[in-house]
Amino acid sequence: MASASIETAAAAKAASKGRSNAGRVAPNYWPFVIPALIVIAAVIVFPWVFTLWMSVNSWTLGQSQVFAGLDNYARLAVDMRFWESLWHTVLYTTLSVVAPLFLGTLAALIFDTQFPLRGLLRGIFVMPMMATPVAIALVWTMMFHPQLGVLNYLLSFIGIGPQEWIYNQSSVIPSLVLVETWQWTPLIMLIVLGGLAAVPREPYESAEIDGANVWQKFRYLTLPMIAPFLMIAVIIRSIDAVKSFDIIYAMTQGGPGTASETINIYLYNTAFAYYDIGYGSAMAVVFFVLIVLLSFVLLMLRQRANWSDGEAR
């Protein structure tokens, strides 16, 4: 009897809860999402749709717009100046990644040890990455001056003659990479230093007992364990270097001639100096595709580094 009354009460409670849920209106989150979607569409989607549309049109400012199909892309395929700027971009990006990666890793290994004034020196070391690119460009342009620059003055003390730096076609890209390296080596150092802080010390103690030297400990212990952090540094620097514009434009504007003209500089000159909007838009689309492909490759390498790290553990 008691059991039957309990079951009846439970059934009545369940039915009451069902009626309550049926009468409840589901919350509507769209009023909160729509403003964000509108902003994304206005800031990201519309500019790219407009760029794609302009890339299939022939339009120079001051003239009428004419549909051109894929003519702008076909023009890119035979444009030697575009391929030259692509080569300059690849060279500049490669050097701007390798040099800071090597020097930043070396600096991280140094600052990972204990020595007097380490905190002060680390703070001074990271100061270049806090400066604005245009200010850096102006200072280094004065330092690179063949007659009045301080760099040639310092080189004279060790018997090296004056260099032309950014004023010579053969040395302009290495000179720009020197500026890029000076500015962004601290970032690599901070990333690698964070990786070194997460490295356990027990393997090093075992390696010392086995008689491993400094190089062997770095090659077989430190390097594999900080590899994921190095890949993060490579991804960040690669994407940043491939789209570098401000320092190059402020220092050389792509010169001398077109010796330092990367895709960014050529694109800017085409669209805003020659007012060939259609051709510049096609160049922007191709450049965007290249950046996406580069990012995809780097992310795959990053994932492989994670797998290798997991297997090693």
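The values are calculated or read from the model by the stated rules, or taken from the named source; none is laboratory data. The shown structure was predicted, so the numbers you read here are calculated from the model rather than taken from an experiment. Please note: Cβ atoms are built from the backbone with ideal geometry, for glycine as well, and neighbour counts cover all protein chains shown. Ligands, DNA and RNA are stripped out before the accessible areas are found, and what is left, the full protein with its side chains, is counted by its heavy atoms. Shrake-Rupley method; radii C 1.70, N 1.55, O 1.52, S 1.80 Å.
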Take the stretch 123-150 and flag every residue that is over 19 Å from SER171 (Cβ atoms) and without any contact (Cβ under 8 Å) to a residue 12 or more places away in the chain. GLY123, ILE124, MET130, THR132, ALA135
Exactly one condition in (1) closer than 22 Å to VAL286 by Cα; (2) surrounded by 13 or more Cβ atoms within 10 Å (Cβ to Cβ) is false for LEU70; which is it? (2)
Hey, does the stretch 119-130 have a residue that's surrounded by fewer than 14 Cβ atoms within 10 Å (Cβ to Cβ) and of a type in the set (Lys, Arg)? no
If we keep just the residues of the stretch 44-97 that are among the aromatic types (Phe, Trp, Tyr) and touching a helix residue (DSSP H, G or I) at 6+ places or on another chain (Cβ under 6 Å), which is farthest from GLU180 (Cα to Cα)? TRP59
Could you tell me whether any residue of the stretch 13-24 is outside any helix (DSSP H, G or I), within 25 Å of ILE265 (Cα to Cα) and either open to solvent by 80 Å² or more (accessible area, probe 1.4 Å) or modelled with pLDDT under 80 (or both)? no
When you scan the stretch 198-296 for helices (runs of 4 or more DSSP H) that lie fully inside it, which ones turn up with 2 or more residues that are open to solvent by 40 Å² or more (accessible area, probe 1.4 Å)? 202-209, 214-217, 223-242, 246-251
List every residue pair whose Cβ atoms lie under 8 Å apart, where the two residues are 6 or more positions apart in sequence or sit on different chains, the first residue falls within the stretch 40-60 and is on the phi < 0 side of the Ramachandran plot and among the hydroxyl-bearing types (Ser, Thr, Tyr), and the second residue, located anywhere, is surrounded by 12 or more Cβ atoms within 10 Å (Cβ to Cβ) and in a strand (DSSP E or B). THR60/ASP276
